[in-house]
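Beneath this line is the structure, given in structure tokens, with notes to follow.
The values are calculated or read from the model by the stated rules, or taken from the named source; none is laboratory data. The shown structure was predicted, so the numbers you read here are calculated from the model rather than taken from an experiment. Cβ atoms come from the backbone with ideal geometry, glycine included; neighbour counts cover every protein chain shown. The accessibility values were calculated without ligands, DNA or RNA, using every heavy atom of the protein model including side chains. Shrake-Rupley method; radii C 1.70, N 1.55, O 1.52, S 1.80 Å.
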Amino acid sequence: MFLFHSKFVVVIVVIFGLSGCGSLQSMFSSSSEDGELNVLKQELRTIDEGNSRADGRNKMIWEMIATSDHICEQYVNDMLHDEDQTFPFKDKASDALGAKITAAIALRTFDQSNANHTLFASTHIEQPAQAIRIALAKTITRTRRLAKIQLKARLGGYISEYSVKQALMDVADYHDSCSARFAAIELARVNTMQMTAEKRNASIQALIELRQKLMSEGMNTRAVQQKMDALILDY
């Protein structure tokens, strides 16, 4: 009876000990998160208390951009070198018409034909999954390059016009742009709403004239030049 009681006590102690471990882990985890939050609060407080809030804002944002670029570089590299060649979308199932056409082609043994001259022969790709990954990777890289031009222009503004919170929201968008889902949406948008060459050239010409006018008046042309760069790169 004493032995049974002793074992029961040991089990209770172990159970409470394990529960205590869980509580300690939660406590340490919470403590770590609180510590990181306090560090972030101090960084933001340093910006607000600094001699130049704009300089403090820009330092934080550019550090975040550099970290995002490093993470995205690895993400794009993994995307391009993934050995999985499965097509990301469910392909059209073979149907009765497809089978009939294939059979008819096979029966026409004496007809003159050339497989390289069919309607979409020039668009045939041996590895569609890899081609899609390349297109998504290029879209991510191109979109972020253009976004960084916009970010640089915005960070040149006064803190009263471009707050720390607004800058953080922009850099959040910038970081979120490094994803296959975002790239797919952007690729679809560009393909359906792409600016024609004529419209782009007309816009660039208008910006050139505006820049010349501002220069003649001794005004800053940086914002106009940034827009021109974005249009030139947006090909």
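Counting other Cβ atoms within 10 Å of each Cβ, which GluC sites (Glu not before Pro) in the stretch 197-235 have at most 13 and sit in a DSSP loop? It would help to have the intermediate numbers written out before the result.
Details: sites: 198, 209, 217; in loops: 217.
Those that pass, being in a loop and sparsely packed, are 217.
How many nm separate the modelled label positions at residue 78 and residue 209, each set 7 Å beyond the Cα in the direction of the Cβ?
5.0 nm
Taking the Cα-to-Cβ direction at residue 166 and at residue 114 and moving 7 Å from each Cα, how far apart do the two end points lie in nm?
6.0 nm
Can you give me the solvent accessible area of residue 169 with a 1.4 Å probe, rounded to the nearest 10 Å²?
Around 100 Å² of this residue is reachable by solvent.
Just how much of residue 120 is accessible, in Å², when a 1.4 Å probe is used and the result is rounded to the nearest 10?
150 Å²
Take residue 200 and residue 32, extend 7 Å from each Cα along the Cα→Cβ direction, and tell me the distance between the two endpoints in nm.
4.8 nm
Could you put 174, 75, 158 in order of accessible surface area, largest first, with the 1.4 Å probe and the full protein assembly present?
Listed by decreasing accessible area, they come as 158, 75, 174.
How do 177, 113 rank by accessible surface area computed with a 1.4 Å probe, from largest to smallest?
Ranked list, largest accessible area first: 113, 177.
On the accessible surface of the stretch 146-235, probed at 1.4 Å, how many percent belong to carbon and sulfur atoms?
Whole-percent figure for carbon plus sulfur exposure: 57.
From largest to smallest, what semi-axes in whole angstrom does the stretch 38-78 give when each is the square root of 5 times an eigenvalue of its alpha carbon gyration tensor? All intermediate terms of the calculation are to be shown ahead of the outcome.
Details: eigenvalues 151, 25, 3 Å².
Each semi-axis is the square root of five times an eigenvalue, giving 27, 11, 4 Å.
Greater than 25 Å separation of Cα atoms is the criterion. Which listed pairs, 59/213; 138/213; 59/165, meet it?
Details: 59/213 33 Å; 138/213 36 Å; 59/165 14 Å.
Those over the limit are 59/213; 138/213.
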